[in-house]
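Q: I have a structure here, written as structure tokens, and I will follow up with some questions on it.
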Amino acid sequence: MRIHIIACRVFTRELSYYASRSPHVIDITWLPQGLHDTPEKLRRMLKDAIDDIYIQKEKQMLKHLPDYIVLGYGLCSNGVVGLESRDIPLVIPRTDDCIAVFLGSQKRYLDLFEKYNGTYWLNNGWIETAFIPSKEMFERRYNEYKELYGEENAEFLLEQDKLWTKNYNTCGYIDSSVYTCPDYPLLAEKIAKDRGWKYCRFDGDCRLIKAITQGTWTDEEFLICPKGHRIEAAYDESKISAVPI
Amino acid sequence: MAILDEISSFLQQGRAPIVKEKVQEALDQGLDSKEILEKGLLDGMGIIGEKFKKNEVFVPEVLIAARAMNAGVAILKPYLVEAGVQSKGTAVIGTVKGDLHDIGKNLVKMMLEGKGINVIDLGVDVSADQFVQSAVDNNAKIVCCSALLTTTMNEMKNVVTAFVENGIRDKVKIMVGGAPITQSFCDSIGADSYTADAASAADAALAFCS
């Protein structure tokens, strides 16, 4: 079976590892981290990435169309809602976001969300690709603001940027069974200390990432959107459903 | 009046100290406080709002413009009170229970204030009952609910239900917004308005006030 995965770069390490060990032929298109902030843009880029698979085949840059296209995304601010599968079924994990995928299940994520409300999650992928609330990142942003809007406004804007950090109380670092740089948990711990948060370390679980690459998609944890269907939001535990176009 | 154009222009540039000076200068020239508010400050904020809708300016520009507006309003306030100028209506705003994100909510708050609406900010992690209580206490016409997470957006339905159960659903317009929110979600929970950005939210809120 051929599986084409379109994934957020936040999954680079874990997905690459399991892709290399999959019995299937795996191709991956990586998209930038952070698109969950602009779900319209995420939807557009996912659509373009799907269309690009057909375009490559038409131009004979691709010898075989995949049997399935899997999205390495959760709902991600509903950015996956509205996508359509043409001739190739689309597969999507039924999770709110990547944190559930890194933790191994939506259920575990929701349990932790309730137990540790106010947790800012970090892991390999986030540290390597995202804006993280470290002193260095805030300093860099301050300098950008200063250049664009002057010193007085820069201080105000940085203050606004930091407001959300006051609402959080914990930094949750998700360890990876695939790779851990010794500096990363230390960085997460330092961020927690600087922000006045608690620090908690959690074991990651790659079972969903493994399932993505092995094609073991259960109805409970994945939506398989058949060809000629569109992904719709379900607003219940199933998160998403497929409706005929 | 040239000075009102200057106030509007400096506000759009986010230059709070100069806006403050110019508002004082306008008052010293004997201009009416309501005119300074509407043709200077709110005019500038309206232009920024329109540009934001068209993606010509971004969040930082809106934030510094709103800051400049607040600086100007602070100077005007005693004069406005003296002249008996009232707000266009009251809105209660908050991020729903379980959700701790407030950048978008704060932006909407500033935009609403930029339209002359009085805003009661309940902060983050606000329960349905808190929305109801505050709307009653403040005689609010509008209730604005924000959510950033798909894990918490369903809480908005509880807010709508709480207003129904308290028999005051027809007294308020419930507006919803936040990255994962869509028009179809708004319709499905029986809220009154969804807007995709903070400037459009302010336009919709103003329409509800009239």
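Readers should treat all values here as calculations from the given coordinates under stated rules, not as data from a laboratory. Treat the numbers as computed from the prediction; the structure is a model and nothing was measured. For neighbour counting, all protein chains shown are included, and Cβ atoms are generated from backbone atoms with ideal geometry for every residue, glycine included.
Q: For the stretch B:90-209, what class follows from the C-alpha gyration tensor (a ≥ b ≥ c being the square roots of its eigenvalues): rounded when a/c is under 1.5, otherwise prolate if a/b is larger than b/c, else oblate? Could you put the intermediate results ahead of the total?
A: Values: a/c = 1.26, a/b = 1.03, b/c = 1.23.
The shape class here is rounded.
Q: Normalised by the number of residues in the stretch A:71-182, what is the relative contact order in percent for Cα pairs under 8 Å and 6+ residues apart?
A: 25 percent
Q: To continue, here is another question. Have a look at A:Asn169, A:Asn143, A:Asn117 and tell me which one the Gaussian network model of chain A (Cα, springs below 10 Å) gives the largest fluctuation.
A: The residue that fluctuates most here is A:Asn143.
Q: At a 10 angstrom cut-off on C-beta neighbours, averaged per residue, how do the peptides A:15-24, A:50-59, A:221-230, A:73-82 rank from highest to lowest?
A: Output ranking for A:15-24, A:50-59, A:221-230, A:73-82: A:73-82, A:221-230, A:15-24, A:50-59.
Q: In addition: Taking a ≥ b ≥ c as the square roots of the Cα gyration tensor eigenvalues, with a/c under 1.5 meaning rounded and otherwise prolate when a/b beats b/c, else oblate, which class fits the protein assembly as shown?
A: Prolate, since a/c reaches 1.5 and a/b exceeds b/c.
Q: Can I ask one more? Taking a ≥ b ≥ c as the square roots of the Cα gyration tensor eigenvalues, with a/c under 1.5 meaning rounded and otherwise prolate when a/b beats b/c, else oblate, which class fits the stretch A:15-132?
A: Prolate shape, in that a/c is at least 1.5 and a/b is the bigger ratio.
Q: While we're on this one: Obtain the nm distance between the two label points defined at A:Phe131 and A:Asp111 by a simple spin-label model: each point lies 7 Å from its Cα along the Cα-to-C-beta direction.
A: Modelled inter-label distance: 3.4 nm.
Q: With each run of n ≥ 4 DSSP H residues scored as -39500 (n - 2.57), what mean residue ellipticity at 222 nm is computed for the protein assembly as shown after dividing by its residue count and rounding to the nearest 500 deg cm²/dmol?
A: After summing the helix terms and dividing by the residues of the protein assembly as shown, the value is -14000 deg cm²/dmol.
Q: Exceeding 29 Å between C-alpha atoms, which entries from my cross-link table qualify? They are A:Lys162/B:Lys20; A:Lys162/A:Lys239; B:Lys54/B:Lys171.
A: A:Lys162/A:Lys239; B:Lys54/B:Lys171
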